[in-house]
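Take a look at the structure below.
The values are calculated or read from the model by the stated rules, or taken from the named source; none is laboratory data. Values in this document were obtained by computation on a predicted structure and should not be read as measured data. Note that each Cβ is placed from the backbone with ideal geometry, even for glycine, and that neighbours are counted across all protein chains shown.
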Amino acid sequence: MNYPADFRYSKDHEWFKMIDDSTGAIGITHYAQDQLGDVVFVELPEIGKKLEKNDVFGVVESVKAAVDCYMPLSGEIIAINELIEKQADILNSDPHGEGWMIKVRIDNPDEGSDLMDKAAYLAFLEELE
Amino acid sequence: MRTNKNAGFFPGAQGLILEEPLIFELSVPGRTGYSIPEDDLPDLPESVMPSGNLMRDDIPGMPEVSEVDIVRHYTRLSTWNYSIDHGFYPLGSCTMKYNPKVNDRTVSLPGFANLHPLVPPKHAQGALRLMHELGEYLKEISGLDAITLQPSAGAQGELTGMLMIKAYHESRGDRDRSIVLIPDSAHGTNPASCTVAGFTTKTLTSGNDGCIDLEELQSQLNDHVAAIMLTNPNTLGIFEKNACRIARMVHDAGGLIYMDGANLNALMGIVKPGQLGADILHINLHKTFSTPHGGGGPGSGPVAVNAALEPFLPIPRVIRTDDTFAWDYDKPMSIGQMHNFYGNFGVLVRAYTYIRSMGAAGLREAAETAVINANYIRVKLREHYQIAYDRICMHECIFNDLNQQKFGVSTLDIAKRLMDYGFHPPTIYFPLIVKGALMIEPTETESIETIDQFIRAMIEIDRETKSQPDLLHQAPIRTKRKRLDETLAARNPILRWTPDLNFPSQPD
Amino acid sequence: MRYIPLTQDQRRQILKEIGVSSVEELFESIPSNLRLNQPLDLPPSLSEWAVQRLLTGLAESNADSDKSPCFLGAGAYRHYIPAVVSSLGNRQEFVTAYTPYQPEVSQGTLQALFEYQTMMTQLTGLPVSNASMYDGAMATAEAALLAFRTTKKSLLAVSRALAPGYRKTLETYTRHQEITIRELPVTPEGRTDPEAVQSVLKENPAAILIQSPNFFGVIEDLSLLSSHINNTGSMLITVVNEAVSLGILKSPGDTGADIVCGDAHSMGLPISYGGPYLGFMTVKEKFLRQIPGRVVGMTVDKDRRTGFVNTLSTREQHIRREKATSNICTNQALCATVAGIFMATLGRKGLRELAFLNMKKSAYLKQRIGSLKNCRLTFTGPTFNEFAVTLNEPVERINRKLTEKGIIGGYDLSPDYPEYPDTVLLCATELTTREHIDNLISILEDLGRVS
């Protein structure tokens, strides 16, 4: 699986991508969707909500599991992916693209300094195996 | 292997299975199959009846069928169930023991079935005596001082117990105890019940031997801990060998011991949970005391407590004065009511019948035999399946699918294939701390011939794992339906029939 | 022991195969000083005959409401149970199965529960039903918790005419949540005061709980109440504990309920000293993922044939653990199965006819009571099969006199409702004959003459 090089990754298996200086997109990684199995339902936050780093912003449910998704950085929700609310399987088929979950206006990009780059995340995944 | 009539075959077979649509699809306008008592009254003026704007004209969709339709419909449906009356049901942690038929008879006695819950106690002396005596028996079995029979199931028993723990600490002015410690092997109802009772939970990581790690426990204990919830034997089928030490440590820190009695079948007559330090214990009558499970209830979850917690028990309480029984609502420290009346009385009648049938010796023999049977399965299958914790177990043993994984076969496949052999699968993927768990609880009511047959089926499935794994992936093939698409059900929930319902089909 | 098939010979042989010399060795992990060295102090084992005799003796010292005329309701309603319902409900394939964790061998229970869910939605007028709760009181508490979770508001407004047992259970369940309960008074009609509803709405409650027919037997004007409540952000929870009434009363869903909950023991279950009964809950589509308890859904198998599974499990305790919508696990599945059989047997016409007959019997009793000089109807509102009567002496005294004549009197309201002294709830169902009623009336008449 291709883990984009311009993404940053969290230990909870969220990815974060800068869109411009102050906004970014967030989703869950290929590894996360693979562990969950068939995703059946996604719960997303309200637009306009302000969340701190490590706050829960959503829930992803498969048949056998439900996981909370955590904010990799603090920010305000500016968009949610309504498509995955209707077609949750997109989270399985394209977690890094069409399956994005939210867009945020971030408070402070420096907060992302503890996130992993592609190489570090791949090494992290190897450790988990 | 023994020579007997079960030795050469498995019960699983292809039989004639009758299809049956939904009851709504059988409906024919104008057809009826009911009989309602005669209207023996004169016609009444319309003015005495409620006015029309409160009324409905019709219940659209409700079936219109004959009595024969009803009988065939539900009889056919019933044949699609596997039940304890069909055969071996080794569902771990559920104690699927045989349900004696005399229990059905006693619960149906008109003096119980037609007894209104609000008659004055004078007219319910038999029912009250039964409840009082059942309470006494359960106190003796648990080694505790007082009891409520009100909770309707194990989870409601847990909630009752946790609410009492909260009330106990608060009554002592100890208001900062908001944390409950729960081992990672615990049943999911434990943390869920704590949340409803207003606690936060902390998970205790089990030690390498599957038991509570005393150092881990010590590090978590402080004066915010209200209680620990223990299952003993734990969900790995292992007796918590340090139960008494754990109790001392938690008590010293000011906390209480809540014991989940789901696995009491291994202990009754052998040891009293109260002597292991338990302050509170819930008992699942639909497990240990043979009342049936009804495809998911009704159960009953009495809660026994020590004297310090007695004032907090739910109201009303049965009280005895000389030889007369009554309800007592006057318990100012009680947590209140958990039920509109007194709980699942019918289930209590069955459990009472069972205890009187078994007697003290019978209950002990049940516990011993349950443990013997589980250990027999353990030693017979460990060459074929990896055992999670290889040591003497209590009433259940836990394997995993590591040996079979190499061939692409999982616990789910093994479980589904067991159905083809005519057995109900064990509990699977629980406890969560054993990857690919197969949790087998034979109970005492199974003969060794039946257990041998099950063991042979498990060995056969292991052989198939190596020779024809695809057969296992396809399993079950002899049931009315093959593997069901749970993803489709959850992504596109259809929870009722409607006249315009498009029956689901799998997207290609 | 007759339920344990292992013979002594087999036991010895098996212990050898396990590799232990005695059964005690299997229990060595239990500290030896705690292991019991004497039998439990329990009565000895009895033969099946003796057990049955014992239990028959206990049962016969209770009042059999089939033998004596009985005017008690107040949350437990006697109805005729057709033979077909008992016969099918006792099929051991339903009775002795566990929760349908393995759907391929549980299609019977699952389809029966799916049909039950469907019939509950038809009766209550809301589209989503769960597969049962413990009883009406617990279902009501769970409904309040659902409203609390969903609206994130903390005030619950509860009608004073909600069954006291439901109210008390609700209080137990919500005590450690940040919930305040406010009571709504009743009018002389015996209905929840609509003005009080309007005024409490200003405080933005999570939900308003109204029982109908309420504890006094009075049918609430739900359309009126919901016209105030709907679209305010507060939910209307309609509680029904006499489910037979749903055969003829406008469905709560059609009169604006967001949640309908209560007890459906009336649908084919014996009154059995208060349990097992059947808690139920139906909700609007938008609360689909918030409903507590098991839910059965339709799907297909590998061969694309229709089948059923427990679904939306991620709401439940075994997956969400401390974040679950409820802690319920074992519920009342067999009671729901029986209720489904009952509803299907009575069917579209029968449920209506049964409800009508209940209303008529009660109306007749009410009419006769109304003509007596020594008692009066407590409330003026319309009623279903139960209503309150204020006497001119304590209920207890009247009931004692009725008992002497072999009649089980009604429920004394005064202990729970001191504002209604000497007031009794009388219930008449299809099992109350004209003779029972006429007899009661003539006794009350005589008592009036004496006093």
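Only one of the listed residues (B:ILE165, B:ILE147) is closer than 23 Å to C:PRO292 by Cβ, among the β-branched types (Val, Ile, Thr) and buried (at least 21 other Cβ atoms within 10 Å of the Cβ). That residue is B:ILE165. Reported count of residues in segment B:15-31, each being among the small types (Gly, Ala, Ser) and either without any contact (Cβ under 8 Å) to a residue 24 or more places away in the chain or surrounded by 15 or more Cβ atoms within 10 Å (Cβ to Cβ) (or both), is 2. Restricting the search to strands (runs of 3 or more DSSP E) fully inside segment C:276-317 and requiring at least 2 residues that are farther than 26 Å from A:VAL59 by Cα gives C:279-283, C:306-310. In a residue-by-residue description of segment C:111-126, the property of being more than 8 Å from every other protein chain (Cβ to nearest Cβ), part of a loop (DSSP other than H, G, I, E, B) and in contact (Cβ under 8 Å) with a residue 24 or more places away in the chain applies to at least one position. Taken over segment B:92-107, the criterion of being outside any helix (DSSP H, G or I) and more than 8 Å from every other protein chain (Cβ to nearest Cβ) is satisfied by B:GLY92, B:SER93, B:THR95. Remark: C:GLY297 matches the filter, which requires a residue to be under 13 Å from C:LEU113 (Cβ atoms) and at pLDDT 95 or above.
Scanning segment C:310-324 for residues that are under 21 Å from B:LYS202 (Cβ atoms) and either among the charged types (D, E, K, R) or in contact with a Pro (Cβ under 6 Å, 6 or more places away or on another chain) (or both) yields C:ARG320, C:ARG321, C:GLU322, C:LYS323. Taken as a whole, segment C:266-287 holds at least one residue that is modelled with pLDDT of 95 or more, touching a helix residue (DSSP H, G or I) at 6+ places or on another chain (Cβ under 7 Å) and within 22 Å of B:PRO50 (Cα to Cα). With respect to the conditions (1) in contact with a Pro (Cβ under 6 Å, 6 or more places away or on another chain); (2) hydrophobic (A, V, I, L, M, F, W, C); (3) assigned to a loop (DSSP other than H, G, I, E, B), A:ILE77 lacks only one, and its number is (3). Residues that are more than 9 Å from chain B (Cβ to nearest Cβ), without any contact (Cβ under 8 Å) to a residue 40 or more places away in the chain and surrounded by fewer than 16 Cβ atoms within 10 Å (Cβ to Cβ) were ranked within segment C:390-414; the one that is nearest to C:PRO164 (Cα to Cα) is C:PRO394. Exactly one residue out of C:SER22, C:SER32, C:SER106 is at pLDDT 95 or above and more than 7 Å from chain B (Cβ to nearest Cβ), and it is C:SER22. A residue that is within 12 Å of another protein chain (Cβ to nearest Cβ) and in a loop (DSSP other than H, G, I, E, B) can be found somewhere in segment B:379-389.
Criterion applied to B:TYR74, B:TYR89, B:TYR34, B:TYR82 was being surrounded by 19 or more Cβ atoms within 10 Å (Cβ to Cβ), touching a strand residue (DSSP E or B) at 6+ places or on another chain (Cβ under 9 Å) and either under 28 Å from B:PHE345 (Cβ atoms) or within 7 Å of chain C (Cβ to nearest Cβ) (or both), and the one residue passing it is B:TYR82. Listed by position, the strands (runs of 3 or more DSSP E) inside segment A:1-60 whose residues that are out of contact with any Phe, Trp or Tyr (no Cβ under 8 Å at 6 or more places or on another chain) and farther than 14 Å from A:ILE78 by Cα number at least 3 are A:39-43. Restricting attention to segment C:69-103 and to residues that are assigned to a helix (DSSP H, G or I) and facing another protein chain (nearest Cβ under 7 Å), the residue that is surrounded by the fewest Cβ atoms within 10 Å (Cβ to Cβ) turns out to be C:GLN92.
When B:PRO50, B:PRO117 are checked against the criterion of being in a loop (DSSP other than H, G, I, E, B), within 7 Å of another protein chain (Cβ to nearest Cβ) and modelled with pLDDT under 95, a single residue qualifies: B:PRO50. Applying the criterion of at least 3 residues that are among the small types (Gly, Ala, Ser) and surrounded by fewer than 24 Cβ atoms within 10 Å (Cβ to Cβ) to the helices (runs of 4 or more DSSP H) found wholly in segment C:138-242 leaves C:222-229.
For segment B:455-508, the tally of residues that are more than 14 Å from chain A (Cβ to nearest Cβ), assigned to a helix (DSSP H, G or I) and of a type in the set (Lys, Arg) stands at 3. Among residues that are among the charged types (D, E, K, R) and either under 29 Å from the mean Cα position of the chain (by Cα) or facing chain C (nearest Cβ under 7 Å) (or both), B:ASP40 is included. Restricted to segment B:208-219, and to residues there that are within 14 Å of chain C (Cβ to nearest Cβ) and either over 19 Å from B:HIS187 (Cβ atoms) or not in a loop (DSSP other than H, G, I, E, B) (or both), the residue that is nearest to the chain's Cα centre (by Cα) is B:ILE212.
Here C:LEU312 meets the list (1) more than 8 Å from chain B (Cβ to nearest Cβ); (2) in contact with a strand residue (DSSP E or B) (Cβ under 9 Å, 6 or more places away or on another chain); (3) crowded, with 24+ Cβ neighbours inside 10 Å almost entirely, failing just condition (1). Scanning segment B:396-409 finds one or more residues that are away from chain C (no Cβ under 12 Å), basic (Lys, Arg), free of Cβ contacts under 8 Å to residues at least 12 places away in the same chain and more than 18 Å from C:LYS16 (Cβ to Cβ). Restricting the search to segment B:408-454, which residues are outside any loop (DSSP other than H, G, I, E, B) and surrounded by fewer than 20 Cβ atoms within 10 Å (Cβ to Cβ)? Those that are outside any loop (DSSP other than H, G, I, E, B) and surrounded by fewer than 20 Cβ atoms within 10 Å (Cβ to Cβ): B:LEU412, B:GLU449, B:THR450, B:ASP452. The sole residue among B:GLY111, B:GLY135 that is in contact with a helix residue (DSSP H, G or I) (Cβ under 8 Å, 6 or more places away or on another chain), in a helix (DSSP H, G or I) and either at the interface with chain C (Cβ under 7 Å from one of its Cβ atoms) or surrounded by fewer than 24 Cβ atoms within 10 Å (Cβ to Cβ) (or both) is B:GLY111.
Taking the stated definitions as given, is C:PRO270 touching a residue at least 40 places away in the same chain (Cβ under 8 Å), part of a loop (DSSP other than H, G, I, E, B) and facing another protein chain (nearest Cβ under 10 Å)? When the stated conditions are applied, C:PRO270 passes them. For B:ILE398, the stated conditions do not hold, so it cannot be described as under 14 Å from B:GLY210 (Cβ atoms), assigned to a loop (DSSP other than H, G, I, E, B) and of a type in the set (Val, Ile, Thr).
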